[in-house]
Amino acid sequence: MSGAQRRSVILGTGSELPAKVVTNGDLEKMVDTSDEWITVRTGIKERRVLEEGKGNADMAYHAAKRALDDAGIKAKDLDAIIMATCTADYLMPSSACVLEDMLEARKAFSFDVNAACSGFLNALSVADSFIRTGQIGNALVVGSDALSRLLNWQDRTTCILFGDGAGAVVLGASENGHGGILSTKLRTDGSYAKTLYVPAGGSLKPARLETVRNNEHTITMNGKEVFKVAVRSMEEISRQALEEAGVKIEQVSLVIPHQANRRIIVALADRLGISMDKVVVNVEKYGNTSAASVPVALDEARRQGRIHKGDIVLLNAFGAGFAWGAAVVQF
Ligand code: UT7
């Protein structure tokens with residue numbers, strides 16, 4: 001019996017961003033927008049776009065390899081691969097299966113989790129539960145998305161916001177009861193399903209010539225509504241995750257929020273009463289990379305030396321569904 005003290009710990013992190021950079025200046029040539037508008041309203045200056053002929057799992061693979069190296073764990077010893085994505089390589093099987101094959105992680109069971117931008121928090125929470133209950137000893141948790149594939153590059157209200165990328169963490173088990181994942185909290189409100197969605201390509205409206213002509217395979221969003229609910233929801237769930245972990249906001253060394261819009265992040269920090277020097281922001285470089293945004297920012301923060309042993313870090317995310325979540329992790 002592993003007992004109540006068993007916890008998941010983050011053993012390693014990794015990330016991968018495609019090489020192709022699309023700047024605000026590039027977008028000025030495609031739609032009626034300006035670098036100034038995009039910068040002021042979102043904080044985004046550029047984003048990465050996955051090259052044609054590559055799929056989501058290609059990015060995930062490189063992020064996963066880096067996380068495994070960092071953790072000192074071999075892919076063949078992985079018990080599980082849980083991949084958060086809403087842009088899987090295929091409608092089926094899951095991208096986690098594609099990744100399992102690329103990594104030759106033959107012992108691992110693998111599946112995708114789709115909670116859009118919030119997906120990494122969901123995948124982390126699922127993996128954490130498997131570990132805490134003793135079903136598995138380790139897991140690779142990946143957040144990887146290529147939202148560029150779902151963009152209408154003529155729609156200035158969406159095409160300026162998103163980018164592609166992948167982030168990964170390797171979780172292991174600790175029996176000493178110190179640190180690790182202290183809490184995870186998840187929520188959804190499906191009444192907002194059509195506030196941010198891709199209308200066609202699923203079972204309700206499968207791909208047809210007409211759906212392609214009508215651009216129904218691309219992201220449709222009411223940005224103002226997303227903005228409003230995102231700030232409120234991320235604050236609320238962050239407070240709930242902190243309470244469950246028994247951690248006060250003053251004890252948090254770093255907040256790693258979903259990177260959708262700098263204004264959302266600043267508003268959230270303000271509501272949480274935490275200064276911006278304790279908040280990781282990289283949205284200017286990558287835009288909104290959906291499920292990849294939190295693990296990419298986490299990996300960058302670790303590699304920049306912003307996270308030390310014993311530090312308590314608050315992760316939170318919000319996206320289509322609406323689905324949102326938070327986690328409190330001690331390193
Ligand atoms: O993971 C969650 C994913 N989604 C999000 O995070 C989205 C959250 N929402 C947002 O980030 C913001 O709502 C946006 C950045 C999408 C939009 O900012 P906003 O301050 O809410 O602007 P708005 O939608 O109210 O638009 C203001 C004006 C409009 O023109 P009029 O009606 O005032 O004449 C828009 O048509 O700006 C116009 N506009 C643009 N102008 C130049 C909208 N997009 C653009 C653009 N360039 N790209």
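The values are calculated or read from the model by the stated rules, or taken from the named source; none is laboratory data. Source: prediction; values computed, not measured. With ideal geometry, Cβ positions are generated from the backbone for all residues, glycine too; neighbour counts draw on all protein chains shown. To get the accessible areas, we keep the full protein, side chains included, count just its heavy atoms, and leave off ligands, DNA and RNA. Shrake-Rupley method; radii C 1.70, N 1.55, O 1.52, S 1.80 Å.
Of note:
- Radius 12 Å from Cβ of P93, net charge of other residues (Lys, Arg +1; Asp, Glu -1): -4
- Cross-link pairs beyond the 27 Å C-alpha cut-off, checked among K45/K309; K65/K107; K54/K185; K65/K224; K224/K309; K74/K185: K45/K309; K54/K185; K65/K224; K224/K309; K74/K185
- Among the protein heavy atoms, those of L11 account for about 70 Å² of accessible surface (1.4 Å probe, every chain in place).
- In the chain, one over the average inverse separation of all distinct C-alpha pairs is 19.7 Å, which is the Kirkwood hydrodynamic radius.
- Whole-number percent relative contact order across the chain, with pairs defined as alpha carbons under 8 Å at least 6 apart: 25 percent
- Convex hull volume per residue for the stretch 181-330, taking Cα atoms only, in Å³: 121 Å³
- Working from label points 7 Å from Cα in the Cα-to-Cβ sense, the A19 to V266 distance is 3.5 nm.
- Lys/Arg +1, Asp/Glu -1 at C-beta; the stretch 278-331 dipole; positive extreme among W324, V280, G305: G305
- For T42, neighbours were defined as the other residues whose beta-carbon sits under 10 Å from its Cβ, and their charges (Lys and Arg +1, Asp and Glu -1) total +3.
- Mean separation of Cα contacts under 8 Å (6+ apart) over length of the stretch 197-297, as relative contact order %: 22 percent
- Accessible area of W324 in the full protein assembly, 1.4 Å probe (Å², nearest 10): 10 Å²
- About the Cα centre, charge dipole magnitude for the stretch 235-309 (Lys/Arg +1, Asp/Glu -1 at Cβ), debye: 260 debye
- Put a dot 7 Å past the Cα of E36, heading toward its Cβ, do the same for R187, and the two dots end up 3.8 nm apart.
- Annotation: per residue accessible area for the chain equals 43 Å², rounded to a whole number [probe 1.4 Å, protein chains only].
- Antiparallel beta bridges, as assigned by DSSP with both residues in the chain, represent about 75 percent of the total such bridges.
- For the chain, with all protein chains in place and a probe radius of 1.4 Å, 49% of the accessible heavy-atom surface sits on carbon or sulfur.
- Checking every one of the trypsin sites (Lys or Arg not before Pro) in the stretch 258-331 against DSSP loop status and a limit of 10 other Cβ atoms within 10 Å picks out K309.
- Label-to-label distance, E243 versus E52, with points set 7 angstrom from Cα along the beta-carbon direction: 5.2 nm.
- Estimated FRET transfer efficiency (L91, W153; beta-carbon r; R0 22 Å; 0.05): 0.45
- Computed from the C-beta positions of E250 and N176 and an R0 of 22 Å, the FRET efficiency is 0.30 to the nearest 0.05.
- Residue list for the stretch 296-331, given a label point 7 angstrom along the Cα-to-Cβ vector of E236 and an amide N cut-off under 19 Å: 315-328
- Summed side-chain charge close to G321 - residues other than G321 whose Cβ falls under 10 Å, Lys, Arg +1, Asp, Glu -1: 0
- Only aspartates and glutamates eight or more places from K248 in sequence, or on another chain, were considered; those with a Cα closer than 16 Å are E235, E236, D270, D311.
- Cα-Cα separations in the stretch 15-56 greater than 11 Å, expressed as whole percent: 67 percent
- A 1.4 Å probe over all protein chains sorts Y286, Y192 by accessible area into Y192, Y286, starting with the largest.
- Diffusion coefficient (Stokes-Einstein, Kirkwood radius over C-alpha pairs, 20 °C, 1.002 mPa s) for the stretch 7-178: 128 µm²/s, rounded to a whole number.
- Distance from the stretch 114-159 to the stretch 209-270 (C-alpha centre basis), Å: 14 Å
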